[in-house]
Amino acid sequence: MRNQRRMRRLARIGNKSGSSLNLTSLMDIFTILLLYLLVNQSDTPLEPPKDVKLPDSIVETKPRETVVVTVNADQVIVKGEAVVSMAEVLENDKGIIAPIRDRMVEIRESSIGLGAEEEEDKSTEVTIMADRKVHYSVMKRVMASCTAAGYTKISLAVNQK
């Protein structure tokens with residue numbers, strides 16, 4: 001009698017082995033993995049515009065997200081907004097470029113929160129993405145304008161070799 005019960009149980013288990021596999025959980029995992037890879041595909045948060053050719057360097061540190069000043073042959077762009085044309089920069093030979101300084105002060109004042117030290121450190125950092133053909137005298141004046149606006153940490157964006 002025991003053997004008969006055992007045989008019936010084995011027969012029932014054998015019939016269940018033909019059931020289909022539930023792939024819902026596996027598809028959820030792959031969807032999450034795919035979304036994660038799409039969001040994190042880029043190593044650098046800074047992508048230069050097509051008209052700006054950055055100089056090459058053997059730098060090993062990755063850039064952080066800061067206020068970005070882009071200098072190309074036609075204009076100076078601060079945080080995505082054109083501030084001054086290159087013709088105006090070259091006409092005025094003074095050390096500080098007033099439109100750049102004014103825009104940088106405006107951005108810094110709007111980004112300072114409740115006075116946290118980390119927020120204040122981040123609000124004094126700027127990254128300059130300049131075309132490799134921009135003359136050093138222009139770069140010097142752009143950096144002086146950033147310093148006059150209270151940005152004490154200036155980084156230059158380059159291509160990593």
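Please treat every number below as a calculation from the coordinates, not as lab data. Since we're looking at a predicted model, the values are computed, not measured.
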- May I ask for the distance between the Cα centers of region 66-85 and region 89-104, given as a whole number of Å? 12 Å
- For region 68-85, in residue order, the Karplus 3J(HN,Hα) values (coefficients 6.51, -1.76, 1.60; θ = phi - 60°; whole Hz; Gly and Pro = x) are 10, 10, 10, 10, 10, 5, 9, 7, 10, 10, 10, 6, x, 10, 5, 9, 8, 7
- Query: Between I97 and residues 5 or more places away or on another chain, which pairs have amide H atoms under 5 Å apart, with H built 1.01 Å from N, and which residues are they?
  - Reply: S145
